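Below: one structure, written as structure tokens.
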Amino acid sequence: MNPGSTPRALIIGGSIGGLLSAILLRAIGWRVDVFERSPHALDSRGGGIVLQADVLHAFRFAGIRHGTLGVASGDRIFLDQAGDVLQRTWQPQTQTSWNMLYQTMRRALPDDCVHPGAALARVEQAADQVRAHFANGRSEAGDLLVGADGARSTVRAQLLPDLAPAYAGYVAWRGLVPEPDLDPASRALLAGVFAFQQGDDHMLLEYLVPGEDGATQAGRRRWNWVWYRKVDAALLPALLTDRDGHPHAFSLPPGALPEARARALRADADAHLAPPFRALVHGTTEPFIQAILDLAAPRMVFGRIVLLGDAASVPRPHTAGGTAKAAANALALAQALQRTEAPIERRLQAWEAEQLRAGRAMTDRGRAMGDRIMGIDRPA
């Protein structure tokens, strides 16, 4: 980096972690360019998200102005299979959605710094410069490269080729239902609460999230549900094959599920779920599925290349911390780079040590929670 010049960051991955990194680095005076492999605008693939303080801290640091970001809930309730309330506790929180956070951040970035259809091929670095080479022949150089390209990170695959996500033994079926589409009795029971049903080897949870257009007014929101179920690893490839016969590594997005699988899901809901949850599954036009994964990289810094968010570690969703961890990684990175009293390499090393500790604690906690919820015993 030349003294007095404006440093430039190349950010690989245009989802929430990448956009957060870009916004926060711009806030401390860096030039940023975000490269996203998909040629199309990203969609609401993640469904609902519990809004955590780390995201709000990042927004405040970056000066992002926003309105209401989610839907509040008060009680947590547990239902039995008949639909009776077994337990009720007061635990207020706010639930948002992937697309609301994505759109809020995307609006905070100029269009000319986000580059869709740029699939990374490889990275290289020499001295204080990093160069990214893309599959379309494009090549870009910067002072820092941020690998925020998710659990299937191309950046991580080059740096740590022997490290890959491990299947945890169960999947998350997910869906979204427009608020008015649910029957009145189910709406009355589920409104304003975070609801669960725990079985011997499965668990379903439900909460309200903003509408597809970001609306938070009653009647315009959506019911978000997640049903965790055990699936043997040998059966996973067939389960993750889409309606056109194409296999997927970790998930099937909305609209890709074969109709026979959707019918089987609805039949299973009839056999195992409480009436309001059965209604949610039946009311979902495009259910989707995600394999639950474990991953924790032993390093996050490689010279002038850093891994961030799910590219570095994948916490299980029971922590409600995946988005929060990405926000914490990105905010701490911006704060570390904002300080100039030490060489950038030393600042990155200090950032790595702190973020590795936090990431390991979250992934360990998530594994313990998930295995307990699903009744999975693993060798010590």
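The values are calculated or read from the model by the stated rules, or taken from the named source; none is laboratory data. Please read all numbers here as calculations on a predicted model, not as lab measurements. Don't worry about glycine lacking a Cβ; one is built from the backbone with ideal geometry, like all the others, and counts go over all protein chains shown.
So the values come out like this:
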quantity: Options V50, V85, V55; residue that is surrounded by 19 or more Cβ atoms within 10 Å (Cβ to Cβ), among the aliphatic types (A, V, I, L, M) and touching a strand residue (DSSP E or B) at 6+ places or on another chain (Cβ under 7 Å); calculated: V50
quantity: Residue satisfying condition, being aliphatic (A, V, I, L, M), over 24 Å from the mean Cα position of the chain (by Cα) and assigned by TED's automatic domain parsing to the domain that holds L176, within set A256, A262, A249, A271; calculated: A271
quantity: Residue check for P165: under 25 Å from L240 (Cβ atoms) and within 20 Å of the chain's Cα centre (by Cα); calculated: yes
quantity: Odd one out for I12 among (1) within 26 Å of Q125 (Cβ to Cβ); (2) surrounded by fewer than 20 Cβ atoms within 10 Å (Cβ to Cβ); (3) in contact with a Leu (Cβ under 6 Å, 6 or more places away or on another chain); calculated: (2)
quantity: Residue in segment 171-196 that is farthest from D371 (Cα to Cα), counting only those that are within 17 Å of the chain's Cα centre (by Cα) and not hydrophobic (A, V, I, L, M, F, W, C); calculated: G175
quantity: Only one of H282, H318 that is closer than 21 Å to L240 by Cα and free of Cβ contacts under 8 Å to residues at least 60 places away in the same chain; calculated: H282
quantity: Strands (runs of 3 or more DSSP E) contained entirely in segment 1-60, each with at least 1 residues that are modelled with pLDDT under 95; calculated: 48-50
quantity: Qualifying residue in segment 355-366 (condition: over 23 Å from V32 (Cβ atoms), small (G, A, S) and touching a Phe, Trp or Tyr at 6+ places or on another chain (Cβ under 6 Å)); calculated: no
quantity: Test result for I16, touching a Phe, Trp or Tyr at 6+ places or on another chain (Cβ under 8 Å), more than 17 Å from A334 (Cβ to Cβ) and in contact (Cβ under 8 Å) with a residue 40 or more places away in the chain; calculated: no
